[in-house]
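Accompanying notes for the structure given below.
Please treat every number below as a calculation from the coordinates, not as lab data. Nothing here was measured: the structure is a model prediction, and the numbers come from that model. Note: ideal-geometry Cβ built from the backbone for every residue, glycine included; neighbour counts use all protein chains shown.
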Amino acid sequence: MHTLTHRNLTFLSVTEIRKELFDTSELIAAYRGKDPFFSGPGGQYNAKVVKVAESLNMSMVLWTVFPKDHEEDDPNVIIKECSPGDGRRGYIVPFRQGADL
Ligand SMILES: [Zn+2]
């Protein structure tokens, strides 16, 4: 999961970080159950963010491939970005919806 407001969590207080993660988690849980993973907007994090997440039983996970789908409309280009071609498996790829990210 991500966050509702997409603010850089490293600039927020512990209370604000907790609210972002908790509120987002509760909303998602209402539709598809608890998600124990989160990624900070922009991949931004620090020890404070990780500690708050852990207090909510969440683990931070970042992506390993960035598809740039917010910059590109051609699906063939996006697919190529998501296929590094090194034969490894298990990549984490964040896909986006909409242009306002
Ligand atoms: Zn984001």
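Once each part is reduced to its C-alpha centroid, what is the distance from segment 1-17 to segment 45-96 in angstrom?
18
Can you tell me the alpha carbon radius of gyration of the chain divided by the globular rule-of-thumb value 2.2 N^0.38 Å?
It is 1.17.
Check cross-link reach from Lys19 to the aspartates and glutamates: straight Cα distance under 18 Å, and skip same-chain residues fewer than eight apart.
Excluding near neighbours in sequence, the set is Asp35, Glu54.
Which whole-number percent gives the relative contact order of segment 9-60, counting Cα pairs below 8 Å spaced six or more residues apart?
Value for segment 9-60: 47 percent.
Shape verdict for segment 43-90, please, from the Cα gyration tensor: rounded (a/c under 1.5), prolate (a/b greater than b/c) or oblate.
Because a/c hits 1.5 or more and a/b exceeds b/c, segment 43-90 counts as prolate.
Can you sort Asp35, Asp74, Asp86, Asp69 from fewest to most other Cβ atoms within 10 Å of each residue's own Cβ?
Ordered from fewest to most neighbouring Cβ atoms within 10 Å, Asp35, Asp74, Asp86, Asp69 come out as Asp86, Asp74, Asp35, Asp69.
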